[in-house]
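In what follows, a structure is listed as structure tokens, so that the remarks can point back to it.
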């Protein structure tokens, strides 16, 4: 895929308890706020919440599906700004904002930025994005 400034992609993901449980198992994060409503409430949360890195992982997966194998992710970033709960439908939006040069890499990188919101319009992932290398220019 050829990227260009202004290119955009949007996709949706509905969060399930199974997704959260599978991520907890795969990551080794046994914190009960991700699996037990009572424990989450005792911690001041409204109930079970997804791992922040799970949300970032969904963004990374969508980014990979969009750009394909012609680009490699050099860096990925984001700020977790609101809890993600089972039943939430997240909308991820990314756009290519331009090229960036780094002294440690010979080729310019594509800078992609965006965010994710839940069904109520609350931003759950902010200041998110990635730096990509590769692909035709």
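The values are calculated or read from the model by the stated rules, or taken from the named source; none is laboratory data. Keep in mind that what you see is a predicted model, and the values were worked out from it rather than measured. Quick reminder, even Gly has a Cβ in these numbers, built from the backbone with ideal geometry, and neighbours come from all protein chains shown.
Out of segment 64-79, which residues are more than 17 Å from residue 105 (Cα to Cα), touching a strand residue (DSSP E or B) at 6+ places or on another chain (Cβ under 6 Å) and surrounded by 16 or more Cβ atoms within 10 Å (Cβ to Cβ)?
66, 78
Go through (1) within 28 Å of residue 132 (Cα to Cα); (2) at pLDDT 95 or above; (3) surrounded by 15 or more Cβ atoms within 10 Å (Cβ to Cβ); (4) in contact with a strand residue (DSSP E or B) (Cβ under 9 Å, 6 or more places away or on another chain) and name the single condition residue 88 misses.
Failed condition: (1).
Looking at this structure, is residue 58 in contact with a strand residue (DSSP E or B) (Cβ under 9 Å, 6 or more places away or on another chain), within 24 Å of residue 1 (Cα to Cα) and not in a strand (DSSP E or B)? Don't jump to the end; show me each part of the working.
On the way: in contact with a strand residue (DSSP E or B) (Cβ under 9 Å, 6 or more places away or on another chain): yes; within 24 Å of residue 1 (Cα to Cα): yes; not in a strand (DSSP E or B): yes.
Yes, satisfied.
Which of the residues that make up segment 54-63 are surrounded by 14 or more Cβ atoms within 10 Å (Cβ to Cβ) and without any contact (Cβ under 8 Å) to a residue 60 or more places away in the chain?
Let us first name the residues in segment 54-63 that are surrounded by 14 or more Cβ atoms within 10 Å (Cβ to Cβ), namely 54-60, 62-63.
Correct list: 54, 57, 58, 62.
How many residues does segment 32-50 hold that are without any contact (Cβ under 8 Å) to a residue 24 or more places away in the chain and either under 21 Å from the mean Cα position of the chain (by Cα) or part of a loop (DSSP other than H, G, I, E, B) (or both)?
Of the residues in segment 32-50, the ones without any contact (Cβ under 8 Å) to a residue 24 or more places away in the chain are 32-44.
Then drop every residue that is not either under 21 Å from the mean Cα position of the chain (by Cα) or part of a loop (DSSP other than H, G, I, E, B) (or both), which leaves 33-36, 43-44.
Counting residues in segment 32-50 that are without any contact (Cβ under 8 Å) to a residue 24 or more places away in the chain and either under 21 Å from the mean Cα position of the chain (by Cα) or part of a loop (DSSP other than H, G, I, E, B) (or both) gives 6.
List every residue pair whose Cβ atoms sit under 9 Å apart, with the two residues 6 or more apart in sequence or on different chains, where the first one lies in segment 1-22 and is at negative phi and modelled with pLDDT of 95 or more and the second, anywhere, is loosely packed, with under 11 Cβ neighbours inside 10 Å and in a strand (DSSP E or B).
From segment 1-22, no pairs qualify.
Residue pairs, Cβ under 6 Å, 6 or more apart or interchain, first in segment 102-114 and touching a residue at least 12 places away in the same chain (Cβ under 8 Å), second buried (at least 16 other Cβ atoms within 10 Å of the Cβ) and part of a loop (DSSP other than H, G, I, E, B). List them.
110/3
Which residues, taken from segment 116-137, are under 23 Å from residue 20 (Cα atoms), in contact (Cβ under 8 Å) with a residue 12 or more places away in the chain and out of contact with any helix residue (DSSP H, G or I) (no Cβ under 9 Å at 6 or more places or on another chain)?
Answer for segment 116-137, where residues must be under 23 Å from residue 20 (Cα atoms), in contact (Cβ under 8 Å) with a residue 12 or more places away in the chain and out of contact with any helix residue (DSSP H, G or I) (no Cβ under 9 Å at 6 or more places or on another chain): 117, 118, 119, 122, 123, 126, 127.
Restricting to segment 116-134, give me the number of residues that are buried (at least 16 other Cβ atoms within 10 Å of the Cβ) and more than 17 Å from residue 85 (Cα to Cα).
Taking segment 116-134 first, the residues buried (at least 16 other Cβ atoms within 10 Å of the Cβ) are 116-118, 124-125, 128-134.
Those still in the list that are more than 17 Å from residue 85 (Cα to Cα) too: 128-134.
Residues flagged as buried (at least 16 other Cβ atoms within 10 Å of the Cβ) and more than 17 Å from residue 85 (Cα to Cα) within segment 116-134 amount to 7.
Could you check, for segment 31-47, whether at least one of its residues is surrounded by fewer than 16 Cβ atoms within 10 Å (Cβ to Cβ) and closer than 20 Å to residue 75 by Cα?
No; the residues of segment 31-47 include none that is surrounded by fewer than 16 Cβ atoms within 10 Å (Cβ to Cβ) and closer than 20 Å to residue 75 by Cα.
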